[in-house]
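Colleague: I'd like to ask you about the structure that follows.
The values are calculated or read from the model by the stated rules, or taken from the named source; none is laboratory data. Given the structure is predicted, the values throughout are model-derived calculations rather than measurements. So basically every Cβ, Gly included, is an ideal-geometry build from the backbone, and we count neighbours across all protein chains shown.
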Number of protein chains: 2
Amino acid sequence: MKTGPDHTYIHGYSRREADRLLDQARTLAGLLHHDTGYPPGCRVLEAGCGIGAQTVTLAEKSPGAAITSIDLSETSLGEAEARVRAAGCTNVSFRRADIFSLPFPDGSFDHVFLCFVLEHLPDPARALGCLRRVLVPGGTITAIEGDHGSAFFHPDSGPARQAIGCLVALQREKGGNALIGRELYPLLSRAGFREVSVSPRMVYVDASRPELVEGFTKQTFTAMVEGVEEEVLQRGMMSRADWEEGIRDLYRTCEPDGTFCYTFFKGRGQK
Amino acid sequence: MKTGPDHTYIHGYSRREADRLLDQARTLAGLLHHDTGYPPGCRVLEAGCGIGAQTVTLAEKSPGAAITSIDLSETSLGEAEARVRAAGCTNVSFRRADIFSLPFPDGSFDHVFLCFVLEHLPDPARALGCLRRVLVPGGTITAIEGDHGSAFFHPDSGPARQAIGCLVALQREKGGNALIGRELYPLLSRAGFREVSVSPRMVYVDASRPELVEGFTKQTFTAMVEGVEEEVLQRGMMSRADWEEGIRDLYRTCEPDGTFCYTFFKGRGQK
């Protein structure tokens, strides 16, 4: 969780995880952000910026907007700030804040943006309500989320699907929802947003796209699943042999005759 | 199967199935065929035209091309011909033929097109080899396939996933592969085609797209799953109660807070 107390962010705060988040952001920037951009002069709230993996893209694509990026973790905020400064962006200010008790008056922002945040929150519907409050009437919210249940691949593999299922189950136990992408439309609608539109963004990977084989299937997705190995084995959610077979089968999809599919969802609504 | 002996086409040849195929074709024409088109003067083989659900679109989008549409079933060919004539297309000729023993000399066609055919064939790799033979060097093949394992939805439902699994299992028993979409890239590559490129086409359905709720989730996908009910229950693949719950849950995704995702794949290669 980028906006939750440290112990509940399922992927942890390690160096390897930071690298994974940055790899992911680089690989997916075009797919997820080619249509992210805010006009000069407007005030944008980035909720749950984490280590700033998306913040640089956001800032670069909206150079004239005033961006406020918040997160619960001081450590992450420090990293995000360093990253944004290093990229030469001067239009972002950082602040430690909780989505569920935002320190901003009603109507403080023209737009709200959040990416890979709702999936980690115990009550995403309430979070959307809190974010709606700080929007001006007519302001927009943009939420990008993954959906681990959208993953399928060739060759298909039961143990690989089971390993992914473990990640989904662990995230659910921690109060999150790794299948939230498919749910963005009803979540945004129920939170009172109007003209909700959701657009799926599929990452399709085959041998003709080696940068995605490396940057997505291996470094982003499989690395993420591998990240929960210790917890899965400690709790006996899978046997070590099955787990290892599952991970091996995920890497197997990176061979020249393998394919891999995963879908992100980008939802937009208006206050 | 559009090109197999009648008894192996898993969806059958009923009136209801014909209506389903036509609904599907109308609903998906833009998604699947916006980039289907062949220049005037070229010779196109449509392999496995069935009742001509795609043939009219193909003919209308390539008015100057000479299209030869083949199928194993005389009955289907008759229907396809009537449909194409009714649409006023004069650039299609029909012929009864088997993909695995094509009655055409090498290099008879500039392009080959097939849609929802490979999934029903016992040896799709060999079929692609047979089709490659009748292409001129530099000619292209275009294959469109679904992938039932790509379906996911909100609310998620175990019985619904199990019901879809029954369709996949039955199709596999009949020698087909309902998960073939994800496999197009290696299939085309292994058959010797060059510059293979595969593009996924996701149908994403939520309440803001009522024509897809009706035309895709209900009339195309759920109707297709319901089509194997008798066989599933006769063989005890699921209990009647579980089956009915699964079907009910698929319809449940058509409610205002439901969503539905399914991915088709369009592959292209060159001889």
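Colleague: Looking only at segment B:168-193, count how many residues are more than 11 Å from chain A (Cβ to nearest Cβ) and either polar (S, T, N, Q) or in contact with a strand residue (DSSP E or B) (Cβ under 6 Å, 6 or more places away or on another chain) (or both).
Modeller: Narrowing segment B:168-193 to residues more than 11 Å from chain A (Cβ to nearest Cβ): B:169-176, B:178, B:191-193.
Subset that is either polar (S, T, N, Q) or in contact with a strand residue (DSSP E or B) (Cβ under 6 Å, 6 or more places away or on another chain) (or both): B:171, B:193.
The total comes to 2.
Colleague: Here's a follow-up. Of B:GLU255, B:GLU230, which residue is surrounded by fewer than 20 Cβ atoms within 10 Å (Cβ to Cβ), within 10 Å of another protein chain (Cβ to nearest Cβ) and over 15 Å from the mean Cα position of the chain (by Cα)?
Modeller: On the way: B:GLU230 fails: within 10 Å of another protein chain (Cβ to nearest Cβ).
Result: B:GLU255 is the single residue among B:GLU255, B:GLU230 that is surrounded by fewer than 20 Cβ atoms within 10 Å (Cβ to Cβ), within 10 Å of another protein chain (Cβ to nearest Cβ) and over 15 Å from the mean Cα position of the chain (by Cα).
Colleague: Considering only residues that are within 10 Å of chain B (Cβ to nearest Cβ), part of a helix (DSSP H, G or I) and surrounded by 19 or more Cβ atoms within 10 Å (Cβ to Cβ), which ones fall in segment A:149-167?
Modeller: Of segment A:149-167, the ones within 10 Å of chain B (Cβ to nearest Cβ) are A:149-156, A:161.
Checking the rest, the ones that are also part of a helix (DSSP H, G or I) come to A:149-150, A:161.
Across segment A:149-167, the qualifying residues are A:GLY149, A:SER150.
Colleague: Scanning segment A:203-224 for residues that are assigned to a helix (DSSP H, G or I) and either surrounded by fewer than 16 Cβ atoms within 10 Å (Cβ to Cβ) or small (Gly, Ala, Ser) (or both), which turns out nearest to the other protein chains (Cβ to nearest Cβ)?
Modeller: A:PRO210
Colleague: While we're on this one: Which condition does A:GLY236 not pass, out of (1) in contact with a Pro (Cβ under 7 Å, 6 or more places away or on another chain); (2) more than 14 Å from every other protein chain (Cβ to nearest Cβ); (3) small (Gly, Ala, Ser), if it passes all the others?
Modeller: (1)
Colleague: Any residue at all in segment A:60-69 that's under 16 Å from the mean Cα position of the chain (by Cα) and modelled with pLDDT of 95 or more? Steps first, answer last, please.
Modeller: Keep residues of segment A:60-69 that are under 16 Å from the mean Cα position of the chain (by Cα), which gives A:69.
Remaining after also requiring modelled with pLDDT of 95 or more: A:69.
Yes.
Colleague: Conditions first: (1) within 14 Å of chain B (Cβ to nearest Cβ); (2) touching a residue at least 60 places away in the same chain (Cβ under 8 Å); (3) touching a Pro at 6+ places or on another chain (Cβ under 7 Å). A:ASP242 passes all but one, so which condition is the exception?
Modeller: Failed condition: (1).
Colleague: Based on this model, can you work out whether B:SER199 counts as within 14 Å of chain A (Cβ to nearest Cβ) and either closer than 26 Å to B:LEU22 by Cα or part of a loop (DSSP other than H, G, I, E, B) (or both)? Step through it out loud before you land on a result.
Modeller: Numbers: within 14 Å of chain A (Cβ to nearest Cβ): yes; either closer than 26 Å to B:LEU22 by Cα or part of a loop (DSSP other than H, G, I, E, B) (or both): yes.
Yes, satisfied.
Colleague: Hey, does segment B:84-95 have a residue that's under 19 Å from the mean Cα position of the chain (by Cα), crowded, with 19+ Cβ neighbours inside 10 Å, at pLDDT 95 or above and under 23 Å from B:THR27 (Cβ atoms)?
Modeller: Checked against the condition, which is being under 19 Å from the mean Cα position of the chain (by Cα), crowded, with 19+ Cβ neighbours inside 10 Å, at pLDDT 95 or above and under 23 Å from B:THR27 (Cβ atoms), segment B:84-95 yields at least one hit.
Colleague: Just give me the residues in segment B:34-48 being surrounded by 12 or more Cβ atoms within 10 Å (Cβ to Cβ) and free of Cβ contacts under 8 Å to residues at least 60 places away in the same chain, in sequence order.
Modeller: B:GLY37
Colleague: Which of the residues belonging to segment B:225-271 are part of a helix (DSSP H, G or I) and of a type in the set (Val, Ile, Thr)?
Modeller: The answer is B:VAL225, B:VAL232, B:ILE247.
Colleague: Still on this structure: In this structure, does B:ARG182 turn out to be touching a helix residue (DSSP H, G or I) at 6+ places or on another chain (Cβ under 8 Å) and assigned to a strand (DSSP E or B)? Please lay out each step first, then the result.
Modeller: Values: touching a helix residue (DSSP H, G or I) at 6+ places or on another chain (Cβ under 8 Å): yes; assigned to a strand (DSSP E or B): no.
Against the criterion (touching a helix residue (DSSP H, G or I) at 6+ places or on another chain (Cβ under 8 Å) and assigned to a strand (DSSP E or B)), B:ARG182 does not qualify.
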